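Colleague: Before I ask anything, let me first share the structure, which is written out below as C-alpha cells.
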Amino acid sequence: MAILANAPNNELALTIAGKQHHDWQSYEVDSDLLIAADAWQFDIAPTSLVLPDFINIGAEVRLTLDGKRILTGVMDDVTESVAKSQHIIGLSGRDLAGQLLDCSVPLFDGQALSLSQILKQFLSPFNIPYLIEAASTAIRQKVSVDVGETVWEAIGKAAEANGLWQWFSPEGVLIVGEPNPKTATVAHLVLRRDGVGNNVQSLTYHRSLNNRYSSVTVLSQTTKTDPLFYQDVESTADNEAEADNTQPNIKATLTDGGISRYRPKIVMASDCENLAAARAKAKKIMVDGQLNGHNLTAVVKGHYTESGIQWQPRQRVTVFSEPHGINRTFFIMGRKFKLSRAGGKTTELRLKQDGIWQVDPFKKKAKKAKSKQPLLYQELGQ
C-alpha cells in the first residue's frame, strides 16, 4: 500500500460561535442519501464544571475534517452527565435539513412555476441558498401544499417530479440534482481469507425478503375519453352498462425473477394518469425492494480512501470479498465517521447495488425551463 506524502490526520473539529474544539471522547457524523438530515454527535470532557454560554441549543455549527468543511448545521441537544469522577457533555444535532424537516410549509397555491421558483418560495424564510444541478427542469402547472406538510416534504415532491433528489452540501447549500451519477470508482475494498491485502476491518452482507415481491401491479383510473384508456378486464354486454369512472381502468404489472415464492403486491395509485405512469410506478416499487434487499456494510480505518479521498455518499467502490463471494461495484448510499475508545477512528460505509437506484423514472409532460449550467441562488429575498 502506497504511503501518501501528506497523510491526513483524520482530525474532526466542531466550531460554535467562532470557537473550535477538536479533543473528543467519542463522536459520530452520519450522512446518508436515504436519511433526510445528516446527524452528528460529540462527547467532550470539559476542563471546567461550568458550561460555556456559547454551547446552547439552536446554535449554528460547522464541522471540519482536517480543515475542510464537511457539514453546516444546528445544535439540537445538549446533555450534561456528572458523576463522582466524570463530567461529560454530549452535543448533537443535524445539518440544515433538520430545520426543513421540523417546520411546516405555509399554505401555498401556485400555477406555472419552475423548480427554481418553487425552491425560492419554500426556502426564502430560512435564508438557505440552493443549487439546481440539472440541464433542464419542468414547469409545474399547479403547485399546492397540504396542511401540516413539512418544508422538506414539499421540496421533495418538487424535486422528484423532475426525477431529481435533494441533499445539503457541506457549506449549507441545498442541492437538487442527479443522486446516482456515473463516476469513476474511488477505492477497491479487499477481504481475503488469508488476510493478504485486506483493507477493511469488517464486511457484513445482509439480504432480506422484506418489501420484495414476485409481482407488482399498479392500478389507476381515468375517463373513457382519455386516449390512453386501458382496461385489463373482459368487456361484456352485462358489465358494459355497469362500468363507470370509479373502476380501475389502468393496470400495469411487473414480475421479479429473483423471487421464487408467490408474493404479489397490488397498489392503487390515483396519481398515475396513463399506462406509462403506472408501469413506471410499478418499476419504482420493485427497484426499491431490490435496493433494500441487498445491504453491504464495510468498516474501514480512518476517514479517507487509501489515495487520500474523503469518504462521502454518491461515491462508487469495487468490493472483492472471498468469504462472501463478492466481486463487483457498489454505490455508497451512506457513510458514518466514528471515534470510540475500542475502535479508534473508523468509517462505516453503507453500500448498495450500483446503478439501480432511481427517484422517479416517469416524468410528467411539461414545458421545460432550460438552463445551460447549474444555477446557485444566494440572495433568496430578491
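Laboratory data are not the source of any read-out in this text; all were calculated from the coordinates shown. Since this is a predicted model, take the numbers as computed values, not measurements. Positions of Cβ are backbone-derived with ideal geometry, glycine not excepted, and every protein chain shown enters the neighbour counts.
Colleague: Tell me which residues come under 5 Å, amide H to amide H, from Val267 once H is placed; ignore anything under 5 positions away on its chain.
Modeller: Residues meeting the criterion, in which the H sits 1.01 Å from N, are Thr217, Val218, Leu219.
Colleague: Here's something else I'd like to know. Using a Förster radius of 22 Å, what is the FRET efficiency between His188 and Arg69 based on their Cβ-Cβ separation? Nearest 0.05, please.
Modeller: 0.20
Colleague: For a test of the definition: using alpha carbon positions, the gyration tensor, and the 1.5 limit on a/c, classify region 12-95 as rounded, prolate or oblate.
Modeller: Since a/c reaches 1.5 and a/b is larger than b/c, the shape of region 12-95 is classed as prolate.
Colleague: Next question. Given axes a ≥ b ≥ c from the Cα gyration tensor, I'd like to know whether region 117-170 is rounded (a/c under 1.5), prolate (a/b larger than b/c) or oblate.
Modeller: oblate
Colleague: Using the number of other C-beta atoms within 10 angstrom as an exposure proxy, rank Phe126, Phe331 with the fewest first.
Modeller: Starting with the residue having the fewest Cβ neighbours, the order is Phe126, Phe331.
Colleague: Oh, and also: Take peptides 133-142, 286-295 and line them up by average Cβ neighbours within 10 Å, highest first, as a rough protection proxy.
Modeller: By packing density, highest mean first, the sequence is 286-295, 133-142.
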